[in-house]
Amino acid sequence: MRKRVRFLSVKGGVGKSVFTILTAYYLKSLDISFLVEELDPLNPVCTLTSCDLPVVKFFDLNDVLYNRLGPKAGLEKEYSTKSWTYLIADMLTGIKPREAVVSFQNSIVNKNINVFITDINSLDETVEYAMNWKDGENFLVVNMVPEDEVDDVTERVNRLIYGTRFLVSAFVTPHDDKVSSLNPIKLDWFTKLMRRILV
């Protein structure tokens with residue numbers, strides 16, 4: 001079955017693009033075919049990886065700023081001419097689930113995994129945002145938490161989501177300088193997290 005992993009956030013700078021790249025390299029290490037869907041007009045995935053990954057670009061900066069285009073003609077061809085098992089989507093910050101781009105994505109696969117990336121400061125806002133996404137399995141990741149605060153933040157997250165049914169699971173990830181290497185094999189917490197999300 002073909003699946004999509006969407007990385008979503010309500011604000012920038014919380015690690016959405018980095019998680020996209022780490023997931024791509026993780027699947028590559030397992031020899032699983034994938035495509036990266038780049039919805040950010042600044043194309044951070046391509047910038048950070050020197051376009052080393054198979055990327056489908058939904059927009060360029062001019063389209064978003066001046067034409068406000070939905071999915072471009074020919075995107076279907078990009079998907080059909082490449083081999084893939086997973087789509088890894090670096091979503092536009094704050095995108096809404098009913099936008100045309102999301103509907104187009106949903107028409108390509110029948111299984112979505114939505115991963116909401118947040119920091120401590122935007123946790124409540126992110127949980128509220130996640131409640132609007134009903135087109136797949138939803139996971140929450142509180143990212144870049146200082147080592148000495150991981151236990152406290154985990155307890156707070158558990159209280160916040162206790163009894164909710166819109167999230168499959170939540171994770172608290174530590175601040176880790178090794179992330180800059182963009183090598184998932186060096187990040188035990190990342191590979192453990194992905195094994196649970198990509199089931």
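Odds and ends about this structure:
- Between residue 148 and residue 125, the contour length at 0.36 nm per residue exceeds the Cα-Cα span by 5.9 nm.
- Degrees, to the nearest 10: 150-161 long Cα axis against longest axis of the chain: 70 degrees
- Interchain or long-range residues, amide H under 5 Å from residue 56's placed H: 36, 37, 38
- Scalar couplings 3J(HN,Hα) for the stretch 15-26, obtained by applying the Karplus form with A = 6.51, B = -1.76, C = 1.60 to θ = phi - 60°, are x, 4, 5, 5, 5, 4, 5, 4, 5, 4, 5, 5 Hz; x denotes Gly and Pro.
- Taking a Cβ cut-off of under 11 Å around residue 39, the surrounding Lys, Arg, Asp and Glu residues balance to a net charge of -2, with basic ones at +1 and acidic ones at -1.
- The alpha carbon centroids of the stretch 126-184 and the stretch 9-45 are separated by 17 Å.
- Full-stretch length increase - residue 51, residue 156 - with 0.36 nm per residue and alpha-carbon distance subtracted: 34.0 nm
- Accessible carbon and sulfur surface of the chain relative to its total accessible area, %, 1.4 Å: 50 percent
- Think of a 1.4 Å ball rolled over the protein heavy atoms: the chain then has 50 Å² of accessible area per residue.
- Theoretical FRET efficiency, 1/(1+(r/R0)^6), r = Cβ-Cβ of residue 186 and residue 79, R0 35 Å, to 0.05: 0.65
- For residue 5, the residues 5 or more places off, or on other chains, whose built amide H falls under 5 Å of its own are 87, 88, 89, 113.
- Residue-wise HN-Hα coupling along the stretch 113-125, computed from phi with Karplus coefficients 6.51, -1.76, 1.60 (Hz; x: Gly, Pro): 10, 9, 10, 8, 9, 8, 9, 4, 5, 10, 4, 4, 4
- Relative contact order for the stretch 1-112: 43 percent, from Cα pairs under 8 Å spaced at least 6 residues apart, divided by residue count.
- Modelled spin labels at residue 110 and residue 196, positioned 7 Å past Cα toward Cβ, are 2.9 nm from each other.
- Sparsely packed trypsin sites (Lys or Arg not before Pro) within the stretch 90-199, loop by DSSP, other Cβ within 10 Å at most 16: 98, 111, 134, 165
- Rounded to 5, percent antiparallel among DSSP beta bridges of the stretch 42-195: 0 percent
The values are calculated or read from the model by the stated rules, or taken from the named source; none is laboratory data. Remember, it's a predicted structure, so these values are computed and weren't measured experimentally. Neighbour counts run over all protein chains shown; Cβ positions are idealised from the backbone, glycine included. Just so you know, the surface numbers come from the protein's heavy atoms only, side chains and all, with ligands and any DNA or RNA stripped out. Shrake-Rupley method; radii C 1.70, N 1.55, O 1.52, S 1.80 Å.
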